[in-house]
Amino acid sequence: MPAADGSAEEFRRRGHAVVVGASLAGLRAAETLREEGFAGTLTMIGDEPHEPYDRPPLSKQVLLGRTGAGDTLLPRRRALEARWLLGTAATGLDLAGRRVRLAGGEEVRYDRLLIATGTRARPWIKETEAALDGVLTLRTGDDAARLARRLDARPRRVLVIGAGFTGSEITSACRERGIDVTVAERGPAPLVGALGGVVGAVAAELHHAHGVDLRCGITVTALEGDPAGRLRCAHLSDGTTLEADAAVVALGAVRNTEWLAGSGLAAGPRGVACDAGCRAFDVHGIVTDDVFVAGDVARSPHPLFGYQFLSLEHWGNAVAQAEVAAHNMVSPGPERRPHLWLPAFWSAQFGINIKSVGVPPMGRELAIVQGSLAERRFAAVYGHQGRVIAAVTFDHGRWLPFYGRLIETAAPFPPDFAQVDRAPGGPRPIPAEFPDPALPTHGPTVTLSGYAPSERRVTFVPARV
Amino acid sequence: MDLNRCEAYAQCAFQAPDVFAMHGEEALMYEPCPGDERREQVMRAAASCPVQAILVEWPGGPAVPEGAATGARG
């Protein structure tokens, strides 16, 4: 049993690495394992029947009809020589016996395991309504194919439930195709959970400028079908009824951790807790040495953000964390690296490129340091306890690395650098207007989930079986 | 495409206009799996990207543009 004696070298030569989750994080981790000289057996387990594919184009090019939903396969960095178990969900984990249980009953033994099971779209809360023809979600390639076919059929009106990033990108694609859209958002503005109310107000203007029927402070109370089981209309919390041929539920994501219930890992609705080296914690808050975590399903402490555990549903995080996890899987203790990636993401909607670095929801205040909100072209810097904690740009992405360095060096907030095109005295901070975190909203891309899993305030709640 | 890296220099849209297009001033649209007849265009686009945001693989073996080979990402 190569890993039992803790010998990374033995594992590297002859071990069995099992990667559960065959999407971006799983693929990049597998490639990194091979890149770093892992010569053992590699098994890739994925619940979807498809080879690893890229998801960002699904809510953009694919919905616009420019790219087929099956045409977003991820480019490979190298050949893997792996055994692929696709269309096979992992259903359980036996930590003591080092075995992953599969849906078909088969068991796969591992020496070292990487958990990269990601998230899935949060389904509509009422099952019978979710089953109506015309009620859709968007997460997988198959979801995107279904939604693209729907849009090809020229629906008279689409209802988008939730104005986070996914919901807003779907809305944007519909409008670009000339399809009428109503958006129902529980919060006061689109993107408010991720970027706050000040920037959210600009997102709301974008919706209005593109002819979206945007309804904020509204929830959908029921979806109603006709006798044939087709969606007919939605009932809204303001008492009105809206006729729609399709409803896209864009209420964020659910982490795929149910299969780990009872395994003894610190896994729950907020993800699988791991250390900065991507090693999973068990329920006692003790780090394991042969189970690693990467991607959307991981939550790990970040030194730049007070060692708070962060869950990042970001494309770039999946890549960076997978690389660190794989490196650490084949490296002895002193050579292991921490995952210190600066959170970053992008979104294209209504012809605007929205980018972010850092953790905007930690910011209490923001300052517009370039451009202006009125032009919808700007860079906003977010502050937390007197330092720069995040930056968000609308069509100002080229300057983002500069703000990234401010975050990494804990530069003071409000920023004190000289600006050539601004009034003297520096930018004036204003409240960033994040909603009360106790109120649910949609589409935060960073979840702050407390400190160490062993801390008293954090309670382990096993997933409902 | 690593659009975290992309800074909208639009070199790819000049080199491979059938594959890459600016959508607005800064957002980039691209064809994720362009046909083999676009190979030369795409390789030129990948080579000309100032921030090396384009990763290319063709059937018959992965090909990584120079500079992106380490996979180090900001």
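Please treat every number below as a calculation from the coordinates, not as lab data. Small disclaimer: the values here were computed from a predicted structure and weren't measured. Cβ: placed from backbone, ideal geometry, glycine included. Neighbour counts: every protein chain shown.
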Original post:
For the residues A:M44, B:M43, A:M329, B:M1, what sequence is obtained by ranking on other C-beta atoms within 10 Å, fewest first?
Top reply: B:M43, B:M1, A:M44, A:M329
**OP:** Report ³J(HN,Hα) in whole Hz for each residue of region B:34-44, in order, from the Karplus equation J = 6.51 cos²θ - 1.76 cosθ + 1.60 where θ = phi - 60°; Gly and Pro get x.
**Re:** x, x, 4, 5, 9, 3, 5, 3, 5, 5, 5
Original post:
Residue separation times 0.36 nm, minus the C-alpha to C-alpha distance between A:Q385 and A:E10: what's the value?
Top reply: 130.3 nm
**OP:** Express in nm, to one decimal, how much length is gained between A:R66 and A:R78 on full extension, taking 0.36 nm for each residue of separation and deducting their alpha carbon distance.
**Re:** 1.5 nm
Original post:
Taking the radius of gyration and the Kirkwood hydrodynamic radius from Cα positions alone, what is the Rg/Rh ratio for region B:11-62, to two decimal places?
Top reply: 0.95
**OP:** Quick one: order A:S372, A:S263, A:S23, A:S300 by neighbouring beta-carbon count within 10 Å, fewest to most.
**Re:** A:S372, A:S263, A:S23, A:S300
Original post:
Assuming R0 = 30 Å, what is the FRET efficiency of A:E375 and A:A411, from their Cβ-Cβ distance, to the nearest 0.05?
Top reply: 0.75
**OP:** Rounded to the nearest 500, what is the 222 nm mean residue ellipticity of chain A from helices alone, with -39500 (n - 2.57) per DSSP H run of 4+ residues and division by all residues?
**Re:** -5500 deg cm²/dmol
Original post:
Tell me, what is a quarter of the convex hull surface for the C-alpha atoms of region A:121-252, in nm² with one decimal?
Top reply: 7.4
Original post:
Of A:P414, A:G277, A:A246, which is farthest along the charge dipole of the protein assembly as shown in the positive direction, counting Lys and Arg as +1 and Asp and Glu as -1 at C-beta?
Top reply: A:P414
**OP:** Estimate the FRET efficiency between A:R177 and A:R230 by the formula 1/(1 + (r/R0)^6), using the beta-carbon distance for r and 22 Å for R0, to the nearest 0.05.
**Re:** 0.55
Original post:
Roughly how many whole Å is it from the C-alpha centroid of region A:89-152 to that of region B:10-40?
Top reply: 32
**OP:** Mean Kyte-Doolittle of at least 0.0 plus a Cα span of 15 Å or more along the axis: flag which DSSP H helices in chain A meet both, please.
**Re:** A:197-209, A:315-329
Original post:
What spacing in nm lies between the two simple spin-label points modelled at A:I430 and A:F402, each 7 Å away from Cα in the Cβ direction?
Top reply: 2.2
Original post:
Between region A:9-34 and region A:308-334, how many Å separate their Cα centres?
Top reply: 12
Original post:
So for chain A, taking the charge dipole from beta-carbon charges (+1 Lys/Arg, -1 Asp/Glu), which of A:I161, A:A267, A:G196 sits furthest toward the positive end?
Top reply: A:G196
**OP:** Report, in debye and to the nearest 20, how large the dipole of chain A comes out about its Cα centre when Lys and Arg carry +1 and Asp and Glu carry -1 on their Cβ.
**Re:** 320
Original post:
Fewest to most neighbouring Cβ within 10 Å: what's the order for B:E26, A:E375?
Top reply: A:E375, B:E26
Original post:
Quick one: Kirkwood hydrodynamic radius for chain A, alpha-carbon pairs, angstrom, one decimal?
Top reply: 23.1
**OP:** Please give the FRET efficiency for A:V254 paired with A:T221, using the beta carbon to beta carbon distance and R0 = 30 Å, rounded to the nearest 0.05.
**Re:** 0.90
**OP:** Would you work out which of B:M22, B:Q52, B:Q11 lies farthest towards the positive end of the dipole of region B:11-62, given +1 charges on the beta-carbon of Lys and Arg and -1 on that of Asp and Glu, about the Cα centre?
**Re:** B:Q52
